[in-house]
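S.K.: Input: one structure, supplied below.
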Amino acid sequence: MTHRPRSSPLHAARAGVGALWCVMLGLAALSFEHPLLLAVLLAVTLAAGALAGVGRDLLLRVAPLALAFAAVIVAINALVTREGLTVVFRGGTVPGLGRLDVTAEALAYGGVLALRALVILAAAGLFAAAIDPDELLRAMRRRSLRSGVTAALAARLVPVLASDARRLADAQRALTGAPPTRAARLGVVRAVTSGALDRATDVAATLELRGFGVGGRPRRLPRPLSRHDAGFGASALALAVLAIAAGAGGWEGFEAYPRTVAELDAAVLLLAAAIAACALLPFADRRGVGE
């Protein structure tokens with residue numbers, strides 16, 4: 001996933017606020033266990049991607065990997081967990097693992113863990129597609145110039161070095177006509193490493209010629225807080241408050257073992273509605289988008 005410039009409230013907010021909002025979506029998923037709340041968070045994240053203009057990227061690039069990862073989580077939890085009263089499959093005995101009895105409760109809780117993983121991966125994909133990495137690096141530079149420049153150079157040089165490694169490996173296979181051996185792979189690693197050192201030397205010389213670290217940089221005026229910054233900042237704070245309050249107050253009414261219980265009372269329904277409203281309300285204000 002790469003950043004996609006779009007005209008949306010999330011793109012109009014400063015990168016730090018948007019990043020905090022995306023991170024809070026993932027942290028909220030770690031705070032909840034009720035399937036309804038996790039399903040609402042997943043729907044909210046996908047809806048936010050659509051409203052931000054990156055929904056297609058989430059579905060085509062993140063969804064296949066996320067669904068495969070979720071299926072693996074369900075399978076592992078069902079095979080490893082021995083808790084639960086409702087046995088749905090009696091397997092054989094495996095040395096070191098014992099009898100592989102699969103319970104409905106283990107499958108249900110595996111589904112909960114899978115939903116949580118889907119929300120986190122979707123939030124990470126939204127972060128990558130909607131948050132400008134260059135603006136994040138500029139914000140870091142204002143706090144620490146050297147750290148910001150180091151992060152920016154690393155972000156730019158890593159894809160270049162990976163491309164160098166691919167070209168060297170392709171050239172190596174074209175010359176030998178056989179699958180690369182271990183020694184050949186080590187040769188590619190040495191070549192890429194030496195190339196990285198040469199590039200680092202060139203970059204250091206360029207920065208020295210341009211007076212990096214000498215001082216006397218002009219100070220820029222701080223960017224004023226926009227309505228989109230305030231909206232997404234308040235949304236992130238509200239999500240944090242809801243997650244903490246739900247955990248402290250025991251509002252979820254969910255138990256995985258020994259028998260799965262997921263209550264659908266008024267508290268859970270109100271909490272689900274509050275999560276959806278707090279997360280999506282900032283997208284309603286489109287004033288100033290694209291300016």
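The values are calculated or read from the model by the stated rules, or taken from the named source; none is laboratory data. Everything numeric here is computed off the predicted structure, so don't read it as measured data. Positions of Cβ are generated from backbone atoms using ideal geometry, with glycine treated the same way; all protein chains shown enter the neighbour counts.
S.K.: Exactly one of these conditions fails for Val94: (1) out of contact with any helix residue (DSSP H, G or I) (no Cβ under 6 Å at 6 or more places or on another chain); (2) surrounded by 15 or more Cβ atoms within 10 Å (Cβ to Cβ); (3) over 22 Å from Thr260 (Cα atoms). Give me its number.
M.R.: Only one criterion is unmet by Val94, namely (2).
S.K.: For the structure I just gave you, tell me whether Val40 is in the same structural domain as Trp21 (by TED's automatic domain parsing) and farther than 29 Å from Ala13 by Cα. If you could, list the steps in order and put the result at the bottom.
M.R.: On the way: in the same structural domain as Trp21 (by TED's automatic domain parsing): yes; farther than 29 Å from Ala13 by Cα: no.
Here the answer is no, as Val40 does not meet what is asked.
S.K.: Filtering segment 237-262 down to residues that are surrounded by fewer than 14 Cβ atoms within 10 Å (Cβ to Cβ) and free of Cβ contacts under 8 Å to residues at least 12 places away in the same chain, which residue is farthest from Ala48 (Cα to Cα)?
M.R.: Out of the qualifying residues, it is Val261.
Here is a yes/no grid of residues against (1) out of contact with any Cys (no Cβ under 9 Å at 6 or more places or on another chain); (2) in a loop (DSSP other than H, G, I, E, B); (3) closer than 22 Å to Leu27 by Cβ; (4) modelled with pLDDT of 90 or more:
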site: Arg223; (1), (2), (3), (4): yes, yes, no, no
site: Ala230; (1), (2), (3), (4): yes, no, yes, yes
site: Ala234; (1), (2), (3), (4): no, no, yes, yes
site: Leu239; (1), (2), (3), (4): no, no, yes, yes
site: Pro258; (1), (2), (3), (4): yes, yes, no, no
site: Leu281; (1), (2), (3), (4): yes, no, yes, yes
site: Gly290; (1), (2), (3), (4): yes, yes, no, no
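S.K.: Which one of these is in contact (Cβ under 8 Å) with a residue 24 or more places away in the chain and surrounded by fewer than 22 Cβ atoms within 10 Å (Cβ to Cβ): Leu46, Leu25?
M.R.: Working: Leu25 fails: surrounded by fewer than 22 Cβ atoms within 10 Å (Cβ to Cβ).
Testing whether each residue is in contact (Cβ under 8 Å) with a residue 24 or more places away in the chain and surrounded by fewer than 22 Cβ atoms within 10 Å (Cβ to Cβ) leaves just Leu46.
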